[in-house]
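Structure first, then comments.
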Amino acid sequence: MKPFLRLPFCLIPVLVGISLSASAQTVVSGRVTDQRGRALPGANVFLRGTYDGATTDTTGAFRFATTRQDTATLLVTYVGYESFVRPIKLQPESTPITIKLTELANELNTVVITAGAFEASDEKKMTMLKPMDIVTTAGAAADITAAMNLLPGAQRVGEQEGVFVRGGSNLETKVVIDGMIVQNPFFSSLPDVQSRGRFQPFMFKGTSFSTGGYSAQYGQALSSVLLLNTVDRNINNGLGISLNLANTGLSYDHSTVNSSISATGYYGNLKPLFALVRQNIDWTREPEFAGSSLTYRLKPSKTGMLKFYGMYSDSWLGMNFRDPGSATTGNETGLINLRQHNRNFFTTSTYTDSWAEGRWLLNTGFSYSYDTDATTYDTQDFGRSSERAQVRAVITRLLGGNSSILFGAEAHTLTLKNAVDGIAYQLRDNYGAAFVESQFYVSRNLAFQPGIRAEYSSVIGQFNLAPRLSLAYKTGVFSQVSLAYGQFYQTPDYRYLYRNTALNFERADHLILNYQIIRNKRTFRAEAFYKNYAALVREFTGAPYDVNPYRFPWGRTDNSGHGYAQGFDLFWRDQKTVKGLDYWVTYSYVDTKRLFQQYAVLATPTFVSNHNVSLITKRFFEKISTNISLTYTFTSGRPYYNPNRPADSEREFLSDRTPAVNNVSFSASHILRTKGNLIVLYASVDNLLNSRNIFTYRYAADQNGNPNRVRYAVGPQTYRSFFVGGLIMLSKKAKVDVNQL
Amino acid sequence: MKTLLTSILILLFANVVPVHAQSDQYKQAMTDALNKMKTQSEKTPVPDMLAMANQFERIAGVETKEWLPRYYAGLMYVYLGFMGKDETEKDKFLDQADTNLKAALAMAPDNDELAVLKAYIAQSRMVVDPTNRWQQYGPLFQAGLEKAKSLNPNNPRPYVLEGTSLMYTPVQFGGGADAACPVLKQAAEKFATFKPASDLHPMWGKEQIEPMLTKCPK
C-alpha cells in the first residue's frame, strides 16, 4: 500500500506544477493608434472566442491577462475604424504589440462631388440646407422655387415663375420629382404675374438644386435641374384642417406598418385677400381654385418601396393685361382681356428595390400628366394643352470603396396643342434617352464622376451625345474643391417647333469650379463658372421687337444663336455664433450676353440681373414658442427694351436698366395646443418697407397717338402685402417641430 | 434498438442541451459586467462607458446564441449617443448601437426589450439634431414603443421612454408634466408587478423616473 500511498504525493508537485502552468496567465499588452500614430482610447482589444480582453486607455495602451496558451487570434474593434485581426503567439515574455487601425470611410474623411449642386437633404449630414429651411424662410412663402431663388446662382425675376439660373431663362430649368420630369410644375403662366409652384414642400424629404454641371441621369435643361425626392412615410396621422386668407384645405393621413395613405382636398378663392391687399393687377375674375391629391406608399418587402402620387386641380381667373402693341382706336392703351380655366392632372408612381445587401439598386418610374388651359385672349381662343407620359429605369451597382456605376434609360411621349388666332397647332415628340455614369474613388480624397447621355427627339429627328465629368479633391479635414464640366442639350421651345421642325437641339457647355468648407455649423462656399451657349434659336420676324410676354413667334427661325455667361457666387451660413440664431448670406454675380430669340445683336437678356444678394435670418423664441424670420433681398437693375433706340446696335439695344429691386419680408409662426389638438398660426408680411419695385418698363403711345412716347412700369402684383392663416391637427399624436413653423 | 435510440437521444441532448444552457462562465461574466454597469451614471466619462460596452461586446463575441450581451452593448452605445462630443461622434456611437441591435434581433426577432432598445436608439438619433430629425426618427420612436407594448403589455420600459420624452417636450408641442405624468404613473404601476425573466434580464428604468414622478400630482 505504501507505494500506492506515496504515488499521489509524488504526483502532487507535478499536478500542482501542471495546474500552476495551466492557470499561469500570459499577459498581452500593447498600444492601439490610428495610421498617423495618434492614440485611440476606448478600443476593444480581445482574443477571439474568449472573454479575455481590455479597453485601451487614454494613451491607447492596453494590457490583459489570458489563460489561453500557445496561439490565439487578436481582434481589435473601434467605432468608426476597420476591425483588425491578427494571429498571435502567447508567450510568457511576449513583447508589446503595436496596432494601427484604418478609419472607415465617412462623410468627414471622404470627398463628395459638390460642384454645381446645392442640396437640401435629411439623409446627408454634410449639406448646407435642410428641407425644413424651405418652409421656415421669410420671403419664400413656403414655395419651393421661391426658396430656391434665394440660393446662390439663382436670379430673381419678379414677374415670371420658374428658376432662372446663371444667365439662363426659366425654360432652361427642369423640375424633376423622383426622377420624372414634371411637365407643368407651376400654375399656368400669366403675363407679368408670377405663378406659384403646384407642389407642397412637405411632400419632399430632399431637394437638390443644380446650378449647372449636373449628372448624366438628367437632361433637357440647358441651365439647371431642380430634383425633388418624395418622403417615404407620413409625418402625422389623422385629420388636419388648414385655413388662411387664400384657401381652406383638409388632409387625412393613415399609416399601417407597411403602408400609408394621405388624401388632401382644398378650395381657394383670392377674393377676400384681394379685398384686403391692394392689387396692381386689374383682375376681372379673382383666381379661384380647387384640387385634391392622393398619396399611397407600400413596402411589399424589406427592401422594396412602391409609391403612388396623383393629383387633380381646377383653376379659374380673369384679368386685363396691357399690350401697347395691340392698341387700336377705341383701345388706346392696348387693354386685353384674358380669361383662363386651367385643369391639371398629374400622376407619378415609382418602385425602388435593392438586392445583395444593397449592392444592386433598382429605380423605376412611370408618370402621366395632362394639362389644359381654356384661354381666351381678347375674345380669341388661345387654348393649349400638353400631355406627357414617361417611363424610366435606373440600375445602380455599388462597388467597393464608395465607387458605383449606374445605367439607365427613359422614354417620353409628349403631345402639345395650341390655338393661336384661329389656327390649331399640334405636335408630338417621342423622346428617348440612355445614360451611364460612374462614381469612381481613387482614394478618399479624390473622386471622379464621368458620365455620358445619349438623347433622341423624334419631332426634330435629331440625336445628341452629351459627356459629363465631375471631380472632387479633399483639401483639408473640412474643405474640398470640385470641378464640373458637361454638355447639355435641350429640344427648342415647342412654340418654335409648331412652325419649324427642322430646328436642332440648343446646347450649353458648363465649366464650374467650387470650393467649400463646412465646420462646426458654419459653411462657406464659393463657386466660379463659365457657360457657353450654342445653337440657340433665333427668330427673324421682319417686325420691330415685340415685348408682349404672350407673343407667338411667327417669323422664320434657325439655330444660329449663341452666347455666354460667366461669374461667381458666394454663400455663408452660420448657425453657431449667436445661440439660437441662424443666418445665411448669398451673393451671385453674372455677366452674360446672348444672340437669340428676336435679338438682332448680342445683348444681356431682359431677365438677367448682374448682382443678386440675399440675407436670411431666423430665430426661435422658446418662451413664446414663436419662430421669427426676416429676409432681405437685393436684385440689381435688369435690361429693358426701349423702342426709341436702334434694335440693331449692340451699344444701344437693351442698354437701359431698371432700378434695383429691394425687398424685406417677415414671417412669424406660433404654435399652441388645446384639448390635444395642435394649432399653428402664422403671419407674414412681404415688402415690409412698401418699396415701389419695378421689374421692367414698356412703352406706349402718347395722347396724340405717337408711338413709344410714354414709358410705364411693370411691377409686382402687390406692394406691401400680408398673409395670415392657421393649421389644426385633430390628432392627439400630432407632433410638430419648432422649426416646422 | 431501444438502447441505440436512447443513446442517440442522449447524444443529441448531450450536444444540444449544453449549447442552449447558459454556462456558468457566461452567467458569471454577465453578472460581473452588470454589477459594474450599475455603478455607471450620466457622469461616467466616455472612455469608461466605452470600456463597459466593450466588455459586453466581448461576451457577445463568444456567446453567439445570447441576445442579452448584444442588448446591453447596444444600450451602452445609446448612452454614448447622448454623450458624444459632436454630431459626428454621436452618430458613430449610434451606428454601433444599431449594429448590436441588428445582431440581437437576428437571435430574438420579436422581443419587447429589443423593441424598446430600437425606440431608444431612434430617440437618441433625434436628440442629436431635433430640428432636422424629428420627421425621420419621431415615427420610428413611436413605432418601437408600440411594438414593445404589443409584445409585452407588462413591460414598464416603453412607458419610461414615452413619459421621459413627454416630460422634456414643451407643452406647446404636446409635452409637459400634464401629458407625461399619466404615462410615468403607468410605468410605476408596471414596475410594481414586473418580474424580469432572470437576474441578467433588463431591469433599468425605475430610478430614472422617480425624480420625475415627484413633480406629478399624487
Only one of (1) assigned to a helix (DSSP H, G or I); (2) more than 16 Å from the chain's Cα centre (by Cα) does not apply to B:Thr169, and that is (1)
Checked pairs for the stretch A:650-672, first under 27 Å from A:Ala146 (Cβ atoms), second of a type in the set (Phe, Trp, Tyr), C-beta under 6 Å and 6 or more apart or across chains, list as A:Thr658/A:Tyr640; A:Asn662/A:Phe634; A:Val664/A:Tyr632; A:Ser669/A:Tyr682
For strands (runs of 3 or more DSSP E) lying entirely in the stretch A:673-732, having 2 or more residues that are at pLDDT below 90 and within 14 Å of chain B (Cβ to nearest Cβ) picks out A:677-686, A:721-730
Reported set for the stretch A:459-481 where residues are closer than 24 Å to A:Asn500 by Cβ and loosely packed, with under 15 Cβ neighbours inside 10 Å is A:Gly461, A:Phe463, A:Leu465
Conditions (1) within 22 Å of the chain's Cα centre (by Cα); (2) closer than 28 Å to A:Asn106 by Cα; (3) among the aliphatic types (A, V, I, L, M) -> A:Ala508 fails only (2)
Counting only residues in the stretch B:176-203 that are touching a residue at least 60 places away in the same chain (Cβ under 8 Å) and open to solvent by 20 Å² or more (accessible area, probe 1.4 Å), the one nearest to the chain's Cα centre (by Cα) is identified as B:His201
Expected output for the stretch A:421-434 (first residue among the aromatic types (Phe, Trp, Tyr), partner surrounded by 16 or more Cβ atoms within 10 Å (Cβ to Cβ), Cβ below 6 Å, 6+ apart or cross-chain) is A:Tyr425/A:Asn418; A:Tyr425/A:Tyr498; A:Tyr431/A:His412; A:Tyr431/A:Ser457
A:Lys623 - would you say it is within 14 Å of another protein chain (Cβ to nearest Cβ) and open to solvent by 20 Å² or more (accessible area, probe 1.4 Å)?
yes
By residue number, the members of the stretch A:516-545 that are crowded, with 17+ Cβ neighbours inside 10 Å and either of a type in the set (Lys, Arg) or in contact with a helix residue (DSSP H, G or I) (Cβ under 9 Å, 6 or more places away or on another chain) (or both) are A:Arg525, A:Lys531, A:Val537, A:Arg538, A:Glu539
Among helices (runs of 4 or more DSSP H) entirely inside the stretch B:45-158, those with 1 or more residues being crowded, with 17+ Cβ neighbours inside 10 Å and at the interface with chain A (Cβ under 9 Å from one of its Cβ atoms) are B:46-62, B:68-83, B:87-107, B:130-151
Q: Kindly indicate whether any position in the stretch A:286-295 is among the charged types (D, E, K, R) and within 14 Å of chain B (Cβ to nearest Cβ).
A: no
Q.
Could you go through the stretch A:287-296 and let me know if any residue there is open to solvent by 60 Å² or more (accessible area, probe 1.4 Å), assigned to a strand (DSSP E or B) and among the acidic types (Asp, Glu).
A. no
Of A:Phe440, A:Phe448, the only residue that is open to solvent by 70 Å² or more (accessible area, probe 1.4 Å), within 29 Å of A:Ile395 (Cβ to Cβ), assigned to a strand (DSSP E or B) and of a type outside the set (D, E, K, R) is A:Phe440
The correct count of residues that are over 25 Å from the mean Cα position of the chain (by Cα) and over 30 Å from B:Phe141 (Cβ atoms) in the stretch A:219-264 is 6
Review point. Do we have any residue at all in the stretch A:346-358 that's open to solvent by 60 Å² or more (accessible area, probe 1.4 Å), modelled with pLDDT of 95 or more, assigned by TED's automatic domain parsing to the domain that holds A:Gly383 and in a strand (DSSP E or B)?
Key: yes
Subset of the stretch A:634-659, residues part of a loop (DSSP other than H, G, I, E, B) and open to solvent by 40 Å² or more (accessible area, probe 1.4 Å), comes to A:Asn644, A:Arg645, A:Pro646, A:Asp648, A:Glu650, A:Arg651, A:Glu652, A:Ser655, A:Pro659
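Here is a yes/no grid of residues against (1) in contact with a helix residue (DSSP H, G or I) (Cβ under 6 Å, 6 or more places away or on another chain); (2) of a type in the set (Ser, Thr, Tyr); (3) at pLDDT 90 or above; (4) assigned by TED's automatic domain parsing to the domain that holds A:Tyr640:
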position: A:Ile134; (1), (2), (3), (4): yes, no, no, yes
position: A:Gln155; (1), (2), (3), (4): no, no, yes, yes
position: A:Arg166; (1), (2), (3), (4): no, no, yes, yes
position: A:Thr173; (1), (2), (3), (4): no, yes, yes, yes
Q. Do the conditions hold for B:Asp32, that is, is it within 12 Å of chain A (Cβ to nearest Cβ) and farther than 25 Å from B:Asp110 by Cβ?
A. yes
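The values are calculated or read from the model by the stated rules, or taken from the named source; none is laboratory data. From a predicted model like this one, the values you see are computed outputs, not experimental measurements. Here the Cβ is made from the backbone with ideal geometry for all residues, glycine too, and neighbour counts use every protein chain on show. Accessible surface is based on the protein model in full, side chains and every heavy atom, while ligands, DNA and RNA are left aside. Shrake-Rupley method; radii C 1.70, N 1.55, O 1.52, S 1.80 Å.
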